[in-house]
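Data first, discussion second: the structure below is written as structure tokens.
The values are calculated or read from the model by the stated rules, or taken from the named source; none is laboratory data. Given the structure is predicted, the values throughout are model-derived calculations rather than measurements. Every residue, glycine among them, receives a Cβ derived from its backbone with ideal geometry; neighbour counts consider all protein chains shown. Surface areas here come from the heavy atoms of the whole protein model, side chains and all, with no ligands, DNA or RNA. Shrake-Rupley method; radii C 1.70, N 1.55, O 1.52, S 1.80 Å.
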Amino acid sequence: MIIEQYGVKLKRITHDDIELIRFWRNHPDIRRNMAYKKHITKKMQLEWFESINNKNNYYFLIEYKGKDVGVINSKNVNMNDMYGEGGIFIWDTNLDFEFTAVLASLCFLNAVFFVLKIFNKSFVQILPTNQKAIQFNKNLGYVVVPGQEKSKNPYYVLTREDYISKTEKLRSIASKLSNDYSSPRAFGNVSDKNLDEINKVLLELRSSSLDGNL
């Protein structure tokens with residue numbers, strides 16, 4: 001599955017991507033902001049991929065200006081209550097972290113809230129020492145979950161309503177900078193690695209695209 005908007009392309013990861021991700025996930029600049037800080041081996045990475053390569057977890061490589069620059073995800077998707085747990089990291093130090101992360105996050109959240117329509121809310125966990133990430137997520141509308149304030153790795157929550165109101169200006173800026181005023185484009189084949197709800201949307205989008213080309 002591929003999602004595109006604002007000049008960003010999100011490509012669902014495959015087995016071929018996991019060593020690239022492992023290399024950067026082990027980088028000291030990335031690892032220090034992660035809850036799990038130990039070195040990740042090839043075996044551990046393969047076991048991780050096999051555990052998340054399913055309909056309840058969605059991990060995407062972030063491509064920007066033709067380069068793979070990071071990973072964005074939503075894991076442990078719960079369709080009964082329509083939420084997932086998000087995460088993002090950018091490894092390309094030649095790119096402005098906040099700018100790239102904002103575009104990728106807006107693209108992804110627009111897709112899950114408005115196109116795929118699988119979320120009413122999203123959760124993230126952020127270490128209290130990672131003040132940049134805390135402020136970044138607050139700008140998207142995330143707030144700390146009540147009772148999590150003193151946790152060693154607290155959860156923050158974002159509702160669709162808060163996302164709409166808090167990011168109106170950000171989404172407008174992203175559209176102007178990228179000259180992309182359309183909704184996210186989602187492409188992909190029907191797969192047992194997708195939720196039924198996502199397969200249905202992909203089929204509808206493909207049908208609509210074919211009708212538009214007639």
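Annotations for the structure displayed:
- The length gained on full extension between L20 and E85, counted as 0.36 nm times the residue separation minus their Cα-Cα distance, comes to 21.2 nm.
- Computed accessible area, F23, all protein chains, 1.4 angstrom probe, square angstrom: 130
- With at most 13 neighbouring Cβ atoms within 10 Å, loop trypsin sites (Lys or Arg not before Pro) (DSSP) excluded, longest segment of the chain: 66-149
- Whole-number Å³ per residue for the convex hull built on Cα positions in segment 64-135: 102
- Within the shell defined by Cβ-Cβ distances under 14 Å, the residues around K67 carry a net charge of -2, with Lys and Arg each +1 and Asp and Glu each -1.
- Net lengthening on full extension, N57/S208 (0.36 nm per residue, minus Cα-Cα): 51.7 nm
- Cleavage-rule hits (chymotrypsin sites (Phe, Trp or Tyr not before Pro)) in segment 100-187: DSSP loop, at most 13 neighbouring Cβ within 10 angstrom: Y181
- Secondary-structure-derived ellipticity at 222 nm for the chain, considering helices only, amounts to -11500 deg cm²/dmol, per-run term -39500 (n - 2.57) for DSSP H runs with n ≥ 4.
- Hull volume in cubic angstrom per residue (convex hull over the Cα atoms of the chain): 131
- Sorted largest first, the principal axis extents computed over the alpha-carbon atoms of segment 88-183 equal 42, 34, 20 Å.
- At 1.002 mPa s and 20 °C, Stokes D of segment 1-45 from Kirkwood alpha-carbon radius, µm² per second: 176
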